[in-house]
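Chemist: Mind looking over this structure? Questions follow.
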Amino acid sequence: MSKTFATLLCGTILAAGAAGAQTNLRMQTHQSPESVWGDLIGEFVENVETMSGGDLTIEMFYSSPVVATAETFTAAAQGILDCDMTNGSYQTGLNPAFQFVADPMGGYDTPLQFLAWIDYGGGEEAIQNLYEANGMHFIGAYTGGQESMNSTAPLEGLDDLEGWKFRSPPGMESEIFAELGATPIVMDFTEIFTALETGIIDGADASTLANNVGLGIYDVATHATYPGFHSMSADHLACSTAVWDELSDANKAILETAMDQISLKLMLSTLVANGEASVQLPEQGVTLHDWSDEDRAAFRAAAVKRWDAWAERTPETAELVESHKAFQQRIGLGVESSDESGSEANSDTEAQ
């Protein structure tokens, strides 16, 4: 057992209720400290300490050094860590419902819509039911915005997905794109560039338009979807319920407020970075494809069909799916039941 791991097992030092007593929370994130997300996490840590006057401090473990990324949630619930700052999608093995906390594929057009579902659409209650059942308390989520698919061939719309081989994360996304005629290939993020260069894949779902620039992907792939529409993954902050219950009301409010702050900054920085990339990439020979409303609707219909299939797996998944669908109807996104929306969207697409 490593020294770091042994230290973590000693337990959390929580305030005993006396004024000025210090609480230190140990959190793990899969983000690296030099990444955009990691930089904001560092700001979150500083803000918490400043707002609490030093009474609440955070020991942040970057790039998952304590336990494997997918084990962070359980490690916090068991007291090895105090809090998890990774992504709910890693926990679909515990319950498929976690997919709909992290990324309801095709569900929302903007990060503001997704966050509005949490705060004003009943999302927080549904999420909390899921997390508390697993010994954790959900504090907040943050996401930059829609990801862009990149490709070595034109990707103008739904028809171009037929036979398109692309890197996909495992799970629901692979199912959606396979149904639309694509050939998803699950591979590690680090293998994308070589796979594109050697023709093993035609494209990839990797990240946002701007982040793909940093990865060097557009040295090989000269086509991309923008604005994106298919995936908008959100990381979370969740702490052990036992740890959360011991925090003062003031410290709870500080954590929630600090999360809201970096959530806003991530959206703003992503908007700027993607906007700059959308201006620069065409000058470098990259073609950006903005899918039609009809093709976007067809993708959403295929996604909702998979939502309904996943909803049958557990009651918690069904609760989250229905929560998303009700809120989307409420704000005019028009998500129907899977059979009806799928047939209507496909008929509309074929009629164009």
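Chemist: Points 7 angstrom from Cα along the Cβ direction at Leu112 and Asn24: gap in nanometres?
Modeler: Going from the Leu112 label point to the Asn24 one covers 4.1 nm.
Chemist: Does the range 237-288 come out rounded, prolate or oblate by the C-alpha gyration tensor, with a ≥ b ≥ c the root eigenvalues, rounded set by a/c under 1.5 and, if not, prolate when a/b is larger than b/c and oblate if not?
Modeler: prolate
Chemist: Could you state the angle between the C-alpha long axis of helix 123-132 and the longest principal axis of the C-alpha atoms of the chain, as a value from 0 to 90 degrees rounded to the nearest 10?
Modeler: 60
Chemist: To the nearest 0.05, what FRET efficiency results for Arg330 and Ala178 with a Förster distance of 22 Å applied to their C-beta separation?
Modeler: On the way: r = 31 Å, r/R0 = 1.39.
Between Arg330 and Ala178 the formula returns 0.10.
Chemist: How would Asp82, Asp39 rank on accessible area, largest to smallest, probe 1.4 Å?
Modeler: Numbers: Asp82 0, Asp39 100 Å².
I get Asp39, Asp82, largest accessible area first.
Chemist: May I ask you to derive the FRET efficiency for Asp245 and Thr50 from their Cβ-Cβ distance with R0 = 22 Å, giving the value to the nearest 0.05? Show your work: numbers first, answer last.
Modeler: On the way: r = 24 Å, r/R0 = 1.10.
Given R0 = 22 Å and the Cβ-Cβ separation, E is 0.35.
Chemist: Taking the Cα centre of the chain as origin and charging only Cβ (+1 Lys, Arg; -1 Asp, Glu), how large is the dipole, in debye to the nearest 20? Don't skip to the end; give the middle numbers.
Modeler: Working: 13 positive and 53 negative charges, 178 e Å.
For this selection, approximately 860 debye.
Chemist: Right, something else. For the range 182-264, what does the equivalent ellipsoid look like in terms of its semi-axes, each the square root of 5 times an eigenvalue of the Cα gyration tensor, given largest first in whole Å? Write out the running numbers ahead of the final one.
Modeler: Values: eigenvalues 303, 43, 23 Å².
With the √(5λ) rule applied to the range 182-264, the semi-axes are 39, 15, 11 Å.
Chemist: Where does the range 72-164 land on Rg(C-alpha)/(2.2 N^0.38 Å)?
Modeler: Numbers: Rg = 16.3 Å, N = 93, 2.2 N^0.38 = 12.3 Å.
Compared with the compact-globule rule of thumb, the range 72-164 sits at 1.33.
Chemist: Another question about this same structure. Rank Ser148, Tyr90, Ile58 by how far each Cα sits towards the positive end of the charge dipole of the chain (+1 on Lys, Arg Cβ; -1 on Asp, Glu Cβ) and give me just the farthest.
Modeler: Ile58
Chemist: Would you list Tyr120, Tyr226, Tyr131 from the most to the least accessible area, probe 1.4 Å?
Modeler: Working: Tyr120 165, Tyr226 55, Tyr131 0 Å².
Of Tyr120, Tyr226, Tyr131, the descending order of accessible area is Tyr120, Tyr226, Tyr131.
Chemist: Evaluate E = 1/(1 + (r/R0)^6) for Glu312 and Gln261, where r is the Cβ-Cβ distance and R0 equals 30 Å; express this FRET efficiency to the nearest 0.05. Please report the intermediate quantities before stating the final value.
Modeler: Numbers: r = 38 Å, r/R0 = 1.27.
Once rounded, the FRET efficiency stands at 0.20.
Chemist: Measure nothing but the geometry: give the 0 to 90° angle between the long axis through the Cα atoms of 249-283 and the longest principal axis through the Cα atoms of the chain, rounded to 10°.
Modeler: Taking the Cα atoms of the chain, the angle to 249-283 is about 30 degrees.
Chemist: With springs only between Cα atoms under 10 Å apart, run a GNM on the chain and tell me which of Ala204, Ala311, Ala253 wobbles the most.
Modeler: Top of the fluctuation ranking is Ala253.
Chemist: Moving on. What ranking, highest mean first, results for peptides 123-129, 49-55 when packing means the other Cβ atoms within 10 Å averaged over each residue?
Modeler: Working: 123-129: 18.3, 49-55: 14.7.
Order by mean packing, descending: 123-129, 49-55.
Chemist: Ranked highest first by the average count of other Cβ atoms within 10 Å around their residues, in what order do 318-328, 277-287, 60-70, 260-270 fall?
Modeler: Working: 318-328: 20.6, 277-287: 14.1, 60-70: 16.0, 260-270: 17.7.
For the peptides 318-328, 277-287, 60-70, 260-270, the packing ranking is 318-328, 260-270, 60-70, 277-287.
Chemist: What accessible area per residue comes out for the range 275-324, rounded to a whole number of Å², with a 1.4 Å probe?
Modeler: Values: 2330 Å² over 50 residues.
In whole numbers, the range 275-324 has 47 Å² accessible per residue.
Chemist: Taking just the alpha-carbon atoms of the range 38-98, what radius of gyration and Dmax come out, in angstrom?
Modeler: Taking only Cα atoms of the range 38-98, I get Rg and Dmax of 13.2, 40 Å.
Chemist: Over the chain, what percent of the accessible surface lies on carbon and sulfur atoms, probe 1.4 Å?
Modeler: 50
Chemist: How long is the gain from Glu322 to Thr57 if the chain were fully straight, where each residue apart is worth 0.36 nm and the alpha carbon distance is subtracted?
Modeler: Details: separation 265, 0.36 × 265 = 95.40 nm, distance 3.77 nm.
That pair, Glu322 and Thr57, stretches by 91.6 nm at full extension.
Chemist: Leaving ligands, DNA and RNA out of it, rank Arg306, Arg330, Arg26, Arg313 by accessible area with a 1.4 Å probe, largest first. List each step's numbers first, then the result.
Modeler: Values: Arg306 50, Arg330 160, Arg26 15, Arg313 120 Å².
Listed by decreasing accessible area, they come as Arg330, Arg313, Arg306, Arg26.
Chemist: Which residues' amide hydrogens lie under 5 Å from the amide hydrogen of Arg26, considering only partners 5 or more residues apart or on another chain, with H built in the peptide plane?
Modeler: For Arg26, the qualifying residues are Glu59, Asp82, Cys83.
Chemist: Tell me whether the range 88-128 comes out rounded, prolate or oblate; compute the Cα gyration tensor, take square roots of the eigenvalues as a ≥ b ≥ c, and use a/c under 1.5 as the rounded threshold. Please report the intermediate quantities before stating the final value.
Modeler: Numbers: a/c = 2.92, a/b = 1.44, b/c = 2.03.
It comes out oblate by the Cα gyration axes.
Chemist: Would you mind counting up the charge near Thr29? Only other residues with Cβ under 12 Å from its Cβ, with Lys and Arg at +1 and Asp and Glu at -1. If you can, show how the numbers build up before the last one.
Modeler: Numbers: positive: Arg26; negative: Asp39, Glu59, Asp84, Asp235.
Once positives and negatives cancel, what remains is -3.
The values are calculated or read from the model by the stated rules, or taken from the named source; none is laboratory data. Keep in mind that what you see is a predicted model, and the values were worked out from it rather than measured. Positions of Cβ are backbone-derived with ideal geometry, glycine not excepted, and every protein chain shown enters the neighbour counts. Calculation scope for accessible area: heavy atoms of the full protein, side chains included, ligands and nucleic acids excluded. Shrake-Rupley method; radii C 1.70, N 1.55, O 1.52, S 1.80 Å.
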